[in-house]
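Asker: Mind having a look at this structure? Questions to follow.
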């Protein structure tokens, strides 16, 4: 059974106009997909007017593909016919054809190679090829991204990570081999781990170690078993103003989270493994050190002592690795 397709309004409008002067619509619908694209390419470049519509209709019905394309664009770029053969069963958006000719005529080797090798050439494909970083663009990557918006994200993320010290040649090579969305995400995760953070507001010391790379952030997240990796973007983006460090005091280590506000850097939080709070003594010592270096520490209103402080001291003590997440079986055994 013949596949019934619906062409876009712009080409049907032109075809109906031509059909007023000579039987055109039937021939247009019965011809091959490639010839429909050739005719559409001509009509997108030279919309028929009433004075020459009859001549245009006769020309499009009886001329060869190359003659039609040459009449539309003057010089027919290499690869145009092959690309039109892979442009699907229906006519593309009107500006697709001009963009295709523009890209093939630009002389950019990565563009012509991608257009020649992708399995399907449509508007999303062309916009992705045009948008992706030149050194990373490949037929595989073009197939992996989901249109122009996805390609813009790839281009922008590539740029900012290279600015943060990721090797552009290594990065581009990884992207050229990407085949799927999952693979694309994996490459950017690896690249983010190679990126350098903006300057930390406090200098390093024997016990205060700023986290300075994405790899260090991932490593600390594994050590502390927390969600620190979720801060990767805000950690690398200087505008968002998030900074992290690890404070060591004897055998105990604490993550320091700083944020930059309108009044300067301030303490956002202190975390032990699994996001436990440090003991009161550790917190006070770290806060005092941060204040010495100009960090704003917003303290709560003092409260009166409570008998529950004894439990807090035991749960949050640096001397204990207290686990709040009992397994059901372990809890039943204890009771």
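The values are calculated or read from the model by the stated rules, or taken from the named source; none is laboratory data. As the structure is a prediction and not an experimental result, all values here were calculated from the model. Counting neighbours? That spans all protein chains shown, and the Cβs are built from the backbone with ideal geometry, glycine included.
Asker: Looking at segment 229-251, is at least one residue touching a residue at least 60 places away in the same chain (Cβ under 8 Å), within 23 Å of residue 162 (Cα to Cα), assigned by TED's automatic domain parsing to the domain that holds residue 275 and under 25 Å from the mean Cα position of the chain (by Cα)?
Answerer: yes
Asker: Surrounded by fewer than 19 Cβ atoms within 10 Å (Cβ to Cβ), more than 18 Å from residue 192 (Cβ to Cβ), in contact with a strand residue (DSSP E or B) (Cβ under 6 Å, 6 or more places away or on another chain) and modelled with pLDDT of 95 or more, is that true of residue 255? Show your work before the answer.
Answerer: Working: surrounded by fewer than 19 Cβ atoms within 10 Å (Cβ to Cβ): no; more than 18 Å from residue 192 (Cβ to Cβ): yes; in contact with a strand residue (DSSP E or B) (Cβ under 6 Å, 6 or more places away or on another chain): yes; modelled with pLDDT of 95 or more: yes.
Answer is no for this residue.
Asker: Residues 93, 155, 151, 83: which one is in contact with a helix residue (DSSP H, G or I) (Cβ under 7 Å, 6 or more places away or on another chain) and more than 30 Å from residue 6 (Cα to Cα)? So that I can check it myself, show each step before the final result.
Answerer: Values: 93 fails: more than 30 Å from residue 6 (Cα to Cα); 151 fails: more than 30 Å from residue 6 (Cα to Cα); 83 fails: more than 30 Å from residue 6 (Cα to Cα).
One residue alone meets the criteria, 155.
Asker: Suppose the filter is under 19 Å from the mean Cα position of the chain (by Cα), surrounded by fewer than 16 Cβ atoms within 10 Å (Cβ to Cβ) and in the same structural domain as residue 269 (by TED's automatic domain parsing); does residue 180 pass it? Write out each step before concluding.
Answerer: On the way: under 19 Å from the mean Cα position of the chain (by Cα): yes; surrounded by fewer than 16 Cβ atoms within 10 Å (Cβ to Cβ): yes; in the same structural domain as residue 269 (by TED's automatic domain parsing): no.
For residue 180, the condition - under 19 Å from the mean Cα position of the chain (by Cα), surrounded by fewer than 16 Cβ atoms within 10 Å (Cβ to Cβ) and in the same structural domain as residue 269 (by TED's automatic domain parsing) - is not met.
Asker: Sticking with this structure for a sec: Counting only residues that are crowded, with 18+ Cβ neighbours inside 10 Å and under 16 Å from residue 213 (Cα atoms), how many does segment 138-161 have?
Answerer: Selection size over segment 138-161: 1.
Asker: Looking at (1) out of contact with any helix residue (DSSP H, G or I) (no Cβ under 7 Å at 6 or more places or on another chain); (2) surrounded by 21 or more Cβ atoms within 10 Å (Cβ to Cβ), which is the only condition residue 31 fails?
Answerer: In the conditions (1) out of contact with any helix residue (DSSP H, G or I) (no Cβ under 7 Å at 6 or more places or on another chain); (2) surrounded by 21 or more Cβ atoms within 10 Å (Cβ to Cβ), residue 31 misses (2) alone.
Asker: Given the conditions (1) without any contact (Cβ under 8 Å) to a residue 60 or more places away in the chain; (2) touching a strand residue (DSSP E or B) at 6+ places or on another chain (Cβ under 9 Å), and given that residue 164 satisfies all but one, which numbered condition is not satisfied?
Answerer: All conditions are met except number (1).
Asker: Counting only residues that are out of contact with any strand residue (DSSP E or B) (no Cβ under 6 Å at 6 or more places or on another chain) and under 20 Å from residue 128 (Cα atoms), give me the helices (runs of 4 or more DSSP H) lying completely in segment 14-110 with at least 2 of them.
Answerer: Details: elements: 25-30, 33-45, 53-62, 65-73, 80-85, 94-105.
In segment 14-110, 80-85, 94-105 are the helices (runs of 4 or more DSSP H) which contain 2 or more residues that are out of contact with any strand residue (DSSP E or B) (no Cβ under 6 Å at 6 or more places or on another chain) and under 20 Å from residue 128 (Cα atoms).
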